[in-house]
1. Given C-alpha coordinates of the chain, what is the ratio Rg to Rh with the Kirkwood estimate of Rh?
2. Along the stretch 49-64, what does the Karplus equation 6.51 cos²θ - 1.76 cosθ + 1.60 (θ = phi - 60°) give for ³J(HN,Hα), rounded to whole Hz, x for Gly and Pro?
3. Do any GluC sites (Glu not before Pro) in the stretch 9-84 lie in a loop, going by DSSP, with at most 11 other beta-carbon atoms within 10 Å of their beta carbon, and if so which?
4. Using only Cα atoms, find the angle between the long axis of helix 100-131 and the longest principal axis of the chain, and express it within 0 to 90 degrees, rounded to the nearest 10.
5. In debye to the nearest 20, how big a dipole does the stretch 1-106 give about its Cα centre with +1 on each Lys and Arg Cβ and -1 on each Asp and Glu Cβ?
6. Provide the per-residue ³J(HN,Hα) series for the stretch 85-91, in order, calculated from phi with Karplus coefficients 6.51, -1.76, 1.60 and θ = phi - 60°, each as a whole number of Hz, with x at glycine and proline positions.
7. For the modelled label position 7 Å from the Cα of SER76 along Cα-to-Cβ, which residues of the stretch 94-129 have backbone nitrogen atoms closer than 17 Å?
8. Using only the Cα atoms of the stretch 55-132, construct the convex hull and provide its projected area averaged over every direction, in square nanometres to one decimal.
Amino acid sequence: MTGFDQYPEWNPMNRFFKLDTVAKAGESVTFGPSWGPYEEPLPEAGFVNRERLTVWEENCCLSYADIKPYFAAERSQYICSQADGKTRYQTYERIAGPLGWLLKLTYGKKILRGFTANGAALKKRAEAMATE
């Protein structure tokens, strides 16, 4: 999840992701999302976006957000070990603000498709790394 240099190899939604300075809340990140299609070969980034890290917990949590006066959108990803030895990955997008409804209406399905593709690709990558 935090191997940003390898994103172009496997991540279908964020085709690149880089820390602009250091990994800590308040610092900026630049990434290139794609709205698909998510089949091989993986698509190029559809645009470039810069957001702020809101949470950074090494090997546990990564959250970043675009916060404007009229809307706020924050993506969070969590990884944690389970008692049975498995690993759990969770991700969500929180959208709020006066124009949050418009953002959800315009991008909600695209975000869900991207998160689904990203989760499946992350699972495949983690399983391949575990067998190496």
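The values are calculated or read from the model by the stated rules, or taken from the named source; none is laboratory data. Model, not experiment: these values are computed from the prediction. So basically every Cβ, Gly included, is an ideal-geometry build from the backbone, and we count neighbours across all protein chains shown. Just so you know, the surface numbers come from the protein's heavy atoms only, side chains and all, with ligands and any DNA or RNA stripped out. Shrake-Rupley method; radii C 1.70, N 1.55, O 1.52, S 1.80 Å.
1. Ratio of gyration radius to Kirkwood radius: 0.96.
2. Along the stretch 49-64, the couplings run 10, 10, 9, 9, 5, 9, 9, 9, 10, 3, 6, 9, 9, 9, 10, 9 Hz.
3. Loop-located and lightly packed - GLU39, GLU44, GLU58.
4. That helix lies at roughly 10 degrees to the long axis.
5. My answer is approximately 380 debye.
6. For the stretch 85-91, the Karplus curve yields x, 7, 10, 10, 10, 10, 9 Hz.
7. Within reach of a label on SER76: 94-97.
8. Numbers: hull surface 24.8 nm².
About 6.2 nm², averaged over all directions.
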